[in-house]
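Got a structure for you, written out below as structure tokens; questions coming shortly.
The values are calculated or read from the model by the stated rules, or taken from the named source; none is laboratory data. This structure is a prediction, so every number in the text was calculated from the model and none was measured. Cβ sites come from the backbone with ideal geometry, for glycine too, and all protein chains shown count toward neighbours. Note: accessible area is taken over every heavy atom of the protein model, side chains too, but ligands, DNA and RNA are not part of it. Shrake-Rupley method; radii C 1.70, N 1.55, O 1.52, S 1.80 Å.
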Amino acid sequence: MLLQLRRGTGYMDGHWAAAAAGHVEVDESVQAAACREVAEELGIAVEPTDLVPLTTMHRTQGNHNEIDERVDFFFACRSWTGEPRLMEEAKAADLRWYSLDDLPEPLVPHERFVLAGMRGADLPAIVSYGF
């Protein structure tokens, strides 16, 4: 699992997180957004057909703020062009490969939930977190 150490984002700074993540832009599919974010954050090229859906997560912070009600799409990718590297050093302090059996601390909690499901091979297609 390729993870980045977040910094300077204002969200979960100092925590390890998925190596690439972001928001879908106007007129962009979730697959296109994932490929764009990977290019922007890791400097590699991924084709939409290289993405394997893992799960979709509906999550909340439980604070009744609309901004904290999210739907996340998690993908695996085992094929790409280029060598992953930090492209946004103002937003990430480190980038490393980890085994699912030896994840670093601290890890973004909702992502830890997904990674635990991957390790146990019991990750449903749709999950809820924080409800």
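Of the residues 59, 85, 96, which is among the charged types (D, E, K, R) and in contact with an Asp or Glu (Cβ under 8 Å, 6 or more places away or on another chain)?
Result of the check over 59, 85, 96: 59.
So, one more: So which of 99, 79 ends up being over 29 Å from residue 131 (Cβ atoms) and either without any contact (Cβ under 8 Å) to a residue 60 or more places away in the chain or of a type in the set (Lys, Arg) (or both)?
79
Taking region 53-76, which residues are among the charged types (D, E, K, R) and touching a residue at least 12 places away in the same chain (Cβ under 8 Å)?
Residues satisfying the conditions are 59, 70, 72.
Is region 1-8 home to any residue that is among the basic types (Lys, Arg), under 21 Å from residue 103 (Cα atoms) and touching an Asp or Glu at 6+ places or on another chain (Cβ under 7 Å)?
Yes: region 1-8 contains one or more residues that are among the basic types (Lys, Arg), under 21 Å from residue 103 (Cα atoms) and touching an Asp or Glu at 6+ places or on another chain (Cβ under 7 Å).
Give the residue, chosen from 34, 121, that is at positive phi and aliphatic (A, V, I, L, M).
Testing whether each residue is at positive phi and aliphatic (A, V, I, L, M) leaves just 121.
Taking strands (runs of 3 or more DSSP E) that fall entirely within region 1-84, which contain at least 1 residues that are open to solvent by less than 40 Å² (accessible area, probe 1.4 Å) and out of contact with any Leu (no Cβ under 9 Å at 6 or more places or on another chain)?
Where strands (runs of 3 or more DSSP E) fall fully within region 1-84 and carry at least 1 residues being open to solvent by less than 40 Å² (accessible area, probe 1.4 Å) and out of contact with any Leu (no Cβ under 9 Å at 6 or more places or on another chain), they are 51-60, 69-77.
Any chance region 89-106 includes a residue that's surrounded by fewer than 17 Cβ atoms within 10 Å (Cβ to Cβ), among the hydroxyl-bearing types (Ser, Thr, Tyr) and under 16 Å from the mean Cα position of the chain (by Cα)?
Yes - at least one qualifying residue is present in region 89-106.
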